[in-house]
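Some notes on the structure that comes next.
The values are calculated or read from the model by the stated rules, or taken from the named source; none is laboratory data. All of these numbers come straight from a predicted model, not from anything done at the bench. Virtual Cβ from ideal backbone geometry, glycine too; neighbours counted across all protein chains shown.
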Amino acid sequence: MKLSFQDYISIKLHKTDLTLTSYVKAKLEPYNLAPEQNLIMMLLWEQDGLSQHQLVTKLEKDKTNIARMASNLEKKGFIKRSHCQDDRRSLKLYLTPCGKKLGDEVIPIAEQFNDLVCKGISEVELMQMEKILEKMNKNVQEQL
């Protein structure tokens with residue numbers, strides 16, 4: 001083995017992801033919101049009334065995963081799903097008053113988290129990181 005365990009970029013990315021996810025999970029726990037569910041909520045706080053298909057595309061998740069998360073968010077009272085008038089097979093997700101109120105509390109936490117993660121990192125470095133991550137994703141996707 002020419003690389004040690006700590007030298008693999010995938011290990012470094014994985015450790016960072018675990019640290020970030022653990023922090024977010026702890027911050028969202030008082031709001032009865034899982035990090036994955038928060039992704040849906042963040043998109044709905046930005047644009048209410050997205051279809052489940054739009055969420056599948058934006059989050060690059062499978063339909064079953066999105067449907068399950070949407071169902072759980074609906075059970076918690078954060079969203080309401082309704083059939084599209086144009087296509088009865090398609091469901092749109094709308095924030096409930098409770099879901100809108102939740103945004104007032106969670107969005108500032110997300111912004112604080114973003115500030116924390118980016119502390120000491122310049123705009124140029126962030127842009128470089130984005131380009132590097134895009135290249136890594138492209139490299140792997142070319143092999144699929």
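Every listed requirement among (1) within 19 Å of the chain's Cα centre (by Cα); (2) surrounded by 13 or more Cβ atoms within 10 Å (Cβ to Cβ); (3) closer than 28 Å to GLU29 by Cβ is met by LEU91 save one, (1). Checking segment 96-103 against the condition returns a match, with at least one residue being within 19 Å of MET69 (Cβ to Cβ) and small (Gly, Ala, Ser).
Okay, residues lined up against (1) of a type outside the set (A, V, I, L, M); (2) more than 30 Å from ASN137 (Cα to Cα); (3) touching a helix residue (DSSP H, G or I) at 6+ places or on another chain (Cβ under 9 Å):
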site: ILE40; (1), (2), (3): no, no, yes
site: GLN54; (1), (2), (3): yes, no, yes
site: THR57; (1), (2), (3): yes, no, no
site: ASP62; (1), (2), (3): yes, no, yes
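If I ask for residues that are of a type in the set (A, V, I, L, M, F, W, C), touching a strand residue (DSSP E or B) at 6+ places or on another chain (Cβ under 8 Å) and within 27 Å of ASP17 (Cβ to Cβ), which ones from segment 72-127 would you list? Matches in segment 72-127: LEU73, PHE78, ILE79, LEU93.
Scoring GLN52 on the criteria (1) under 25 Å from TYR23 (Cα atoms); (2) buried (at least 17 other Cβ atoms within 10 Å of the Cβ) leaves a single failure, condition (1). Could you check, for segment 69-76, whether at least one of its residues is modelled with pLDDT of 95 or more and closer than 27 Å to SER10 by Cβ? Yes, because at least one residue in segment 69-76 is modelled with pLDDT of 95 or more and closer than 27 Å to SER10 by Cβ.
Just give me the residues in segment 1-52 being among the basic types (Lys, Arg), over 17 Å from PHE113 (Cα atoms) and in a helix (DSSP H, G or I), in sequence order.
If the condition is that a residue be among the basic types (Lys, Arg), over 17 Å from PHE113 (Cα atoms) and in a helix (DSSP H, G or I), then LYS12, LYS15 are the ones that fit.
If you filter segment 99-144 down to residues that are touching a residue at least 12 places away in the same chain (Cβ under 8 Å) and small (Gly, Ala, Ser), you find that the one that is nearest to LYS12 (Cα to Cα) is ALA110.
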